[in-house]
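A short write-up of the structure that comes next.
Readers should treat all values here as calculations from the given coordinates under stated rules, not as data from a laboratory. Every value quoted in this text rests on a predicted model; they were computed, and no experiment measured them. Neighbour counts run over all protein chains shown; Cβ positions are idealised from the backbone, glycine included.
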Amino acid sequence: MNLHEKKIPIIKIHDYLIVPIQVDMHDKLAIQLQSQILEEIAKTRAKGVLIDISVLEMVDSFIGRMLSGMASMAAIMDTSVVIVGMQPAVAITLVELGLEMPGVDTALNMEKGMEMLERRLKSRKTDSF
Amino acid sequence: MLEFPYNTDCDLLGKFKIDTEYDIVTVRQVIRQYAKDMGMGIVDQTRITTAVSELFRNMYNYAGGGEVLIERGEVESHNALIVTCMDQGPGIENLELAMSDGFTSGQGMGYGLPGTKRLVDRFEIQSVLNEGTTVRIMKWK
Ligand SMILES: Nc1ncnc2c1ncn2[C@@H]1O[C@H](COP(=O)(O)OP(=O)(O)OP(=O)(O)O)[C@@H](O)[C@H]1O
Ligand SMILES: [Mg+2]
């Protein structure tokens with residue numbers, strides 16, 4: 001497959017967007033994905049976003065920054081982002097690199113991530129009474 | 001171009017150019033494969049791949065690209081994967097500052113160089129203003 005032409009799908013299920021990142025992203029693709037997700041949040045009024053990075057073999061400072069930037073932008077739009085399935089080796093490397101991803105929540109897998117979002121939605125609903 | 005004094009005999013595994021952001025992805029994948037072939041574990045594979053990705057992006061962002069040399073050799077009785085990144089960009093004015101956590105001259109977070117150093121077993125950097133920058137890193141198997 002041509003590296004230049006890969007596109008990452010965004011899937012909507014109920015109130016959530018699911019983004020399975022299946023390729024080693026180059027910078028333009030990462031930036032494109034970021035704005036694509038934000039547009040999709042605005043369009044669908046999704047309450048939460050699950051970004052599955054379980055096949056990503058590395059996250060460098062660029063992708064890390066993209067993920068945390070997206071989480072804070074989504075927060076402004078009242079949407080939560082959960083990063084799902086980060087490989088242990090990737091997590092270790094991120095810590096050693098010194099990259100803290102402020103505002104980024106992580107979950108072990110899709111199911112746990114979904115539970116996290118549901119819990120958050122519920123607590124938000126009770127808050128507003 | 002700057003050169004490090006060679007302290008060892010190395011086999012040249014490959015030589016690549018980093019001209020575009022696609023090259024960053026392609027060449028970091030090549031290096032992961034070499035790390036794998038040498039028998040490095042998954043965490044070390046991830047460390048070296050992430051480290052070179054930071055160095056490639058620095059070359060691409062600040063020097064308009066550069067060259068990469070991949071070697072394998074015995075260093076201090078270690079089986080080493082050696083990656084040298086050379087560019088002919090503007091050079092780094094203050095190396096000490098550039099190597100400190102959180103320093104960036106641009107929009108970065110300033111963890112590329114100091115973070116890379118933490119991910120590898122050897123980290124050497126030379127830079128001359130208006131001539132360029134060379135970074136050599138090594139990872140032991
Ligand atoms: N190859 C290079 N040529 C010229 N200047 C460089 C080069 N590499 C790094 N620098 C300088 O050193 C600074 C620190 O680099 P470092 O990679 O640590 O952080 P960054 O690139 O600014 O941010 P990050 O890597 O976290 O995105 C850069 O901001 C830049 O000014
Ligand atoms: Mg950098």
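From the list A:68, A:80, exactly one residue is in contact (Cβ under 8 Å) with a residue 40 or more places away in the chain, closer than 20 Å to residue A:36 by Cα and under 15 Å from the mean Cα position of the chain (by Cα). Which is it?
Going through A:68, A:80 in turn, just one is in contact (Cβ under 8 Å) with a residue 40 or more places away in the chain, closer than 20 Å to residue A:36 by Cα and under 15 Å from the mean Cα position of the chain (by Cα): A:80.
For segment B:83-115, which residues satisfy the criterion of being among the β-branched types (Val, Ile, Thr) and more than 7 Å from ligand 1 (Cβ to nearest atom)?
B:83, B:84
Take the residues in segment B:12-22 that are more than 14 Å from the chain's Cα centre (by Cα) and either within 10 Å of chain A (Cβ to nearest Cβ) or surrounded by 15 or more Cβ atoms within 10 Å (Cβ to Cβ) (or both); name whichever of them is farthest from ligand 1 (Cβ to nearest atom).
B:13
Here is a check on your reading of the model: is residue B:125 part of a loop (DSSP other than H, G, I, E, B), buried (at least 18 other Cβ atoms within 10 Å of the Cβ) and either more than 16 Å from ligand 2 (Cβ to nearest atom) or away from every other protein chain (no Cβ under 11 Å) (or both)?
no
Take residue A:63 and tell me if it is under 13 Å from the mean Cα position of the chain (by Cα), surrounded by 17 or more Cβ atoms within 10 Å (Cβ to Cβ) and within 16 Å of ligand 1 (Cβ to nearest atom).
The answer is yes for residue A:63.
As an exercise: evaluate residue B:64 against (1) within 20 Å of residue B:25 (Cβ to Cβ); (2) in contact with a strand residue (DSSP E or B) (Cβ under 7 Å, 6 or more places away or on another chain); (3) more than 12 Å from ligand 2 (Cβ to nearest atom); (4) not hydroxyl-bearing (Ser, Thr, Tyr) and give the number of the one condition it does not meet.
Only one criterion in (1) within 20 Å of residue B:25 (Cβ to Cβ); (2) in contact with a strand residue (DSSP E or B) (Cβ under 7 Å, 6 or more places away or on another chain); (3) more than 12 Å from ligand 2 (Cβ to nearest atom); (4) not hydroxyl-bearing (Ser, Thr, Tyr) is unmet by residue B:64, namely (2).
For every residue, the table says whether it meets (1) β-branched (Val, Ile, Thr); (2) within 16 Å of ligand 2 (Cβ to nearest atom); (3) closer than 23 Å to residue B:22 by Cβ.
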| position | (1), (2), (3) |
| --- | --- |
| B:58 | no, yes, yes |
| B:70 | yes, no, yes |
| B:75 | yes, no, no |
| B:80 | no, no, no |
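Could you grab me the full set of residues in segment B:24-82 that are touching a Pro at 6+ places or on another chain (Cβ under 9 Å) and within 16 Å of ligand 1 (Cβ to nearest atom)?
Within segment B:24-82, B:62, B:63 qualify.
Tally the residues that are crowded, with 18+ Cβ neighbours inside 10 Å and either among the basic types (Lys, Arg) or facing chain A (nearest Cβ under 10 Å) (or both), restricting the search to segment B:34-54.
Of the residues in that region, 11 qualify.
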